[in-house]
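The values are calculated or read from the model by the stated rules, or taken from the named source; none is laboratory data. The structure displayed is predicted, hence computed values, not measured ones. FYI the Cβ positions are ideal-geometry reconstructions off the backbone, even for glycines, and counts take in every protein chain you see. Surface accessibility is based on the protein's heavy atoms, side chains included, excluding ligands, DNA and RNA. Shrake-Rupley method; radii C 1.70, N 1.55, O 1.52, S 1.80 Å.
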Amino acid sequence: MEYRNLGGSGLFVSSLSFGTWVTFKTQVDLPLSAHMMARAYERGVNFFDNAETYADGDSEVIMGKSLKELNWDRSTYIVSSKVFWGGKQPTQMGLSRKHVIEACHQSLKRFGLDYIDLFYCHRPDRDTPILETVRAMDILVRQGKILYWGTSEWEAHQIVEAQELAKANYLTPPTVEQPQYNLFERQKVEKDYSSLYSKYNMGLTTWSPLSSGILTGKYKNGVPENSRLSLEHLAWLKDHFFNQERKNKLEIAHQLENISTELGTSLAKLSIAWCLKNQNVSSVILGASNMKQLDENLDALDIIPLIDSSVLEKIENVMGNKPSSDVNFKAF
Ligand code: NDP
């Protein structure tokens, strides 16, 4: 395993981490969760991602029970949660001081832990002043209930505002952003967030490296039984891939598979390793729904050396979606 600094912080996070969205409860039950976490940990993973909304809180309960069973030294692993969608009432969602603090207390209870290492604002909240959220996070840090905090899918200007407000008010700034990043989704990570790395030393823990499984090539002949896109409650996700963008994304995945075959590897491994080539990424959060997938995805580390400039060029030729660099208008 490779360990990378979480942005400018001193925290070392494994470059591949373990995610639980959709999988815990729907696809992975309690005994399997402990087995999968144990396998990940044995292979060097030290970061386990969660959120208050995953399986309506049950994902944290399952992770907490697994951690209790595994009985690892608390100082050897990092657990995250995210606050935003905590319930249907107006006081149970968003990033008000009330919800941020209550959500943290509830997550701690579900996990059975004394503190959460990384606590993310799962989305921006247009109804709450950013300063209120920054203050709430600072309170939790000072109380030792969370160690670092971050954002997820915030716009660059919102993160800059949080950074500047924290600085001006002597509050703890966000350390990390959690955006989607994969071969299809590149704009935020590769362009919009540029100043966040250079000016604010932000780290990234990125999600959906396989675009929910599309970047494994498994959907080329339709939707396999028991796969994520066959789940009833994820019909919206299936529509997203299979109506608007179906042809395009499946065709692209097929072309990418030719590159992975040439390299003697799988498209899943190539796609994950490609994310890791970006040094602004601190950790790529994996989303395996069984042990076989987990093992394969962790093996992605081995193929990073194979992805040289000629392979990257072949990938760019298929994708054609590299965000443009800033234009030097003086050259016109
Ligand atoms: P992926 O894009 O990697 O998708 C995971 C899905 O892909 C699995 O459920 C599985 O689907 C399929 N898959 C994974 N590995 C393989 C393989 N080797 N071969 C075939 N199929 C495979 O990741 P996620 O979308 O799950 O995102 C990763 C994590 O990021 C989440 O678990 C969560 O912790 C976090 N996340 C954060 C978000 C945020 O807003 N901050 C949003 C979404 C995720 P199948 O069910 O078909 O087996």
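When you scan the stretch 150-159, do you find a residue that is assigned to a loop (DSSP other than H, G, I, E, B) and within 10 Å of the ligand (Cβ to nearest atom), even just one? Checking the stretch 150-159: at least one residue is assigned to a loop (DSSP other than H, G, I, E, B) and within 10 Å of the ligand (Cβ to nearest atom).
Residues in the stretch 253-284 that are open to solvent by 10 Å² or more (accessible area, probe 1.4 Å) and within 13 Å of the ligand (Cβ to nearest atom): Glu257, Thr265, Ser266, Lys269, Trp274.
Note on the stretch 200-230: residues that are of a type in the set (Lys, Arg) and either within 9 Å of the ligand (Cβ to nearest atom) or free of Cβ contacts under 8 Å to residues at least 24 places away in the same chain (or both) total 2. Just so you know, in the stretch 9-23 the residues that are open to solvent by 60 Å² or more (accessible area, probe 1.4 Å) and assigned to a loop (DSSP other than H, G, I, E, B) include one that is farthest from the ligand (Cβ to nearest atom), and it is Gly10. Which residues, counting only those in the stretch 287-308, are within 16 Å of the ligand (Cβ to nearest atom) and loosely packed, with under 13 Cβ neighbours inside 10 Å? Result: Lys292, Asp302. Residues in the stretch 95-117 that are open to solvent by less than 80 Å² (accessible area, probe 1.4 Å), touching a helix residue (DSSP H, G or I) at 6+ places or on another chain (Cβ under 9 Å) and not in a helix (DSSP H, G or I): 6 in all. The test for being under 26 Å from Asp302 (Cβ atoms) and at pLDDT below 85 does not hold for Lys247. Per the listing Val318, Val311, the residue uniquely buried (at least 19 other Cβ atoms within 10 Å of the Cβ) and either at positive phi or more than 16 Å from the ligand (Cβ to nearest atom) (or both) is Val311. The combined condition, being of a type in the set (Phe, Trp, Tyr), surrounded by 16 or more Cβ atoms within 10 Å (Cβ to Cβ) and touching a Ser or Thr at 6+ places or on another chain (Cβ under 7 Å), is fulfilled by Tyr181.
Scanning the stretch 44-74 for residues that are in a loop (DSSP other than H, G, I, E, B) and over 19 Å from the mean Cα position of the chain (by Cα) returns Asn71, Trp72, Asp73. Residue-level analysis places Leu234 among those that are in contact (Cβ under 8 Å) with a residue 60 or more places away in the chain, within 12 Å of the ligand (Cβ to nearest atom) and touching a helix residue (DSSP H, G or I) at 6+ places or on another chain (Cβ under 8 Å). Taken over the stretch 121-140, residues that are buried (at least 17 other Cβ atoms within 10 Å of the Cβ) and either touching a Phe, Trp or Tyr at 6+ places or on another chain (Cβ under 7 Å) or assigned to a loop (DSSP other than H, G, I, E, B) (or both) amount to 8.
This table checks each residue for (1) aromatic (Phe, Trp, Tyr); (2) touching a strand residue (DSSP E or B) at 6+ places or on another chain (Cβ under 9 Å).
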site: Phe18; (1), (2): yes, yes
site: Phe24; (1), (2): yes, no
site: Asn71; (1), (2): no, no
site: Ser75; (1), (2): no, no
site: Trp85; (1), (2): yes, yes
site: Pro90; (1), (2): no, no
site: His105; (1), (2): no, no
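Tallying residues that are surrounded by fewer than 23 Cβ atoms within 10 Å (Cβ to Cβ) and within 11 Å of the ligand (Cβ to nearest atom) within the stretch 24-47 yields 2. Scanning the stretch 205-230 for residues that are open to solvent by 10 Å² or more (accessible area, probe 1.4 Å), of a type outside the set (Gly, Ala, Ser) and over 29 Å from Val13 (Cβ atoms) returns Lys220, Asn221, Val223, Pro224, Glu225, Asn226.
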